[in-house]
Every structure is written in structure tokens, then in C-alpha cells.
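The values are calculated or read from the model by the stated rules, or taken from the named source; none is laboratory data. As the structure is a prediction and not an experimental result, all values here were calculated from the model. Note: ideal-geometry Cβ built from the backbone for every residue, glycine included; neighbour counts use all protein chains shown. We work out accessible area using only protein heavy atoms, side chains counted, and drop any ligands, DNA or RNA first. Shrake-Rupley method; radii C 1.70, N 1.55, O 1.52, S 1.80 Å.
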Amino acid sequence: DFSHGRTALMFDWYINEGQNLAMGSAIQWNISPFNLFWLFIPRDMVMESLSVYVGIHLAAMSIAMYIFLKKTADCPKLYLTAFSVCYGLCGYTLTHYTIPTYLDTAVFIPLLMLALYRLLHEGKTTCYALMLGFMTALSYYLGFMDIIFILLTGGAYIYIVLPREKRGDRALRLGAGTAAGTALSAFMLLPAAMQMRQSSRFNSNLSGGLFATLKSILSAIGADMYYIKWWQLSGSICALA
């Protein structure tokens, strides 16, 4: 809308009831390169173009996974292609295709994993930090999930797979790269966090104090039921295996 001269850059009353740039970018993929697609689509053709938009994501998902497998796996090209297409058409994609944040994350995850692979095997940290910073800025909801996954699986990989003499260096590089990537995303995260802290909904939820709020959240999602924790632990073990 700003590029067409219809609204201001930092605050948009034209759509989404005044969604501002900081919150929209931190949560809703505003910095995604795939959004350039909409610069070429008239507003009255948006609905008809959504299928093309999803199709571009699916193709990009398959290409990104092919690049990852090509660099990390030694198998015939037929298998690389088949696995890449299966990734683009996986069950999550078929159910979450209406969520652009998921689609963008699914596109860039193989490239982030490739950067992580190079960090663990070659000690190259820069690409990993840049990719993690971009993905966390793209959506901090999913970005923090990426970080948790990376620290759990990356840490296990370091101490199970890598030779003993490389473990200390790779663990240090993984921690430094993760911290640097998170810091790179601060230009999106900090404005969003400041706005959330000033919102009435956020402050009303903290009326009983931080720990009381956390306790109420855990109780609301059933985390006080310990049998659920055992199921979660079993699922973590399967994922680790």
C-alpha cells in the first residue's frame, strides 16, 4: 500500500484496522521476500492469486530441501527429487497452507539446517547467524521454536556424533551463532516487545505478578497434569531418535 501511495509506511489505516509495521513485521511475515509477489497483483485479483502464491511457496520448499539434501546426503538424484517433493507436499503443508508464516518458515528451514550443518562440520558460523536472524525477524513465534529445536538437536549432535576434539569448539560456535542471530533480529523484536509491554491486555495479564501469570498459563493448558508431561517426554525421545 505504501508503494502505491495509499498509506503511510509505519502505520496503515488502509488495511487490518491500523496494523502497525513493528507488530505486523514481528508476527506476520511482512519482511518475507515472497510478498514481492503482491506488488504485481491488482487488489481486485488478490483472492484469485492466492493459489499461485501458495504454489510458489510449495515449489520453493521443494527446491530448498533439494539443496539441503544435495549438500548433505550421498544418494541418487531420483531419491533427492522424491524426498524434496514429499517435503513440499507434507501433511503440515496440506493443513497449514493458509498460514503464510508457516509457509515462509518451511521454505527457509532447509537452508537454516544447511547453515547449521556447515557450522557443526566446518565451523562456519556467519551463514547460520544470518539465517537464524532473518527467520527470527520473520516471525518470532516460529523463530523461537527454531531456536529451541536447534539447541536441543544441535547439542545432542555435538556430543553424540562429532569427535571429542571438536565438541568444545562447535558448542561454543553454536552458542555464539545463536546469540548473534537473535541479536540481529532485535530490530524487529524490540519494537514489538515494547509495544506489547504497553498494551492493556499484556498489563492486565500481569496483574498478579510474573510468576502468578506463568502459573495461570500452565494451569490453563493442562501442564499441571503430570501424565501429559510423560507423553511430551515420550514424544521428545522419539523426535531425538
**Q.** Two-site label geometry, residue 70 and residue 96: point separation in nm, points 7 Å out along Cα→Cβ
**A.** 2.5 nm
Q.
On a 1.4 Å probe surface of the protein chains, which of 52, 46 comes out largest in accessible area, and what is the full order?
A. 52, 46
Q) Under a 1.4 Å probe, what is the accessible area of region 39-104 per residue, stated in Å²? A) 65 Å²
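Once the mean 1/r over all distinct Cα pairs of region 59-122 is inverted, what Kirkwood radius in angstroms do you read off?
Values: mean 1/r = 0.0825 Å⁻¹.
Final number for the Kirkwood radius of region 59-122 is 12.1 Å.
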Q: With label points built 7 Å along Cα→Cβ from the Cα atoms of residue 152 and residue 45, find their separation and express it in nm.
A: 4.4 nm
Q: With all protein chains present, calculate the accessible area of residue 104 using a 1.4 Å probe and round the result to the nearest 10 Å².
A: 0 Å²
Q: Any chance you could look up the accessible area of residue 48 with a 1.4 Å probe, heavy atoms only, rounded to 10 Å²?
A: 110 Å²
Q | residue 117 accessible area, 1.4 Å probe, all protein chains in place, Å² to nearest 10 | A | 70 Å²
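Order 159, 53, most accessible first, counting only protein heavy atoms with a 1.4 angstrom probe.
159, 53
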Q) Taking Cα centroids, how far is region 142-156 from region 40-89 in Å? A) 23 Å
**Q.** Fully extended contour minus Cα-Cα distance, from residue 122 to residue 212, at 0.36 nm per residue
**A.** 27.9 nm
